[in-house]
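Here, each number is a calculation from the coordinates, and none is a lab measurement. From a predicted model like this one, the values you see are computed outputs, not experimental measurements. As a convention, Cβ positions derive from the backbone with ideal geometry for all residues, glycine included, and neighbour counts pool all protein chains shown.
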Amino acid sequence: MRRVVCPGSFDPITNGHLDIIARSARLYDEVTVAVLINLEKSSLFTVDERIEILQAVTKDFPNVKVRKFHGLLVDFCKQNDIPAIVKGIRVVSDFDYELQMAQLNYRLSGVETLFMPTNPEYSFLSSSRVKEIARYGGDVSGLVPDMVHKLLVERLRG
Ligand code: PNS
């Protein structure tokens, strides 16, 4: 069984994330989407809401499961027998940051990191930008799954 993890905050999931998850699901037997529980960072959606959204938008991929974790990602990988992390790279500055994280994670545990180039259609996309645009009334349809679009409109514009 070839397993990988797609980790992140997913506050909320964007179409860029979904593209990486879908492409990983075509390459590997099992993909675990792991949502970080970060008590220090304020979020728009609770971890359980994010999990519900992720489960809904990945329901057509039978080999994708969604879990939450706290602490070190490599500990989650070890506990779940997952040998590799998949990370999407949008731009070169992502690579700078992700390379250090990948090397540290490997040094800590031997868990590998695989980089997947983001679909160019989404290379400008981030959860924070999506929230900012939606907060000020901009149109984020096409950038996030329809379900997320509706929830953002409800939550940010009352
Ligand atoms: O979507 P994000 O916020 O960019 O995801 C970042 C995430 C969750 C992948 C990263 O912060 C992470 O792995 N956090 C867990 C703590 C950890 O393992 N840190 C790495 C030490 S080298």
Give me the distance in nm between label points sitting 7 Å out from Cα along the Cα-to-Cβ direction at Asp96 and His70, one decimal.
-> 3.2 nm
Taking neighbour counts of Cβ atoms within 10 Å as a proxy for exposure, in what order, fewest first, do Lys150, Lys41, Lys78, Lys131 appear?
-> Lys41, Lys150, Lys78, Lys131
Between Ile89 and residues 5 or more places away or on another chain, which pairs have amide H atoms under 5 Å apart, with H built 1.01 Å from N, and which residues are they?
-> Met116, Thr118
Expressed as cubic angstrom per residue, what is the convex hull volume of the alpha carbon set of segment 3-122?
-> 106 Å³
Say a paramagnetic label sat at a point 7 Å from the Cα of Leu39, along Cα to Cβ; which residues of segment 63-107 have their backbone N under 20 Å from it?
-> 68-76
The chain: relative contact order as a whole-number percent, Cα under 8 Å and 6+ apart = 28 percent
Karplus-derived HN-Hα couplings along segment 122-137 (A = 6.51, B = -1.76, C = 1.60, θ = phi - 60°), whole Hz, x at Gly and Pro | 10, 5, 9, 8, 8, 4, 5, 5, 4, 5, 4, 4, 5, 4, 9, x
The helix 15-27 Cα axis meets the longest alpha-carbon principal axis of the chain at an angle in degrees, between 0 and 90 and rounded to 10, of 30 degrees
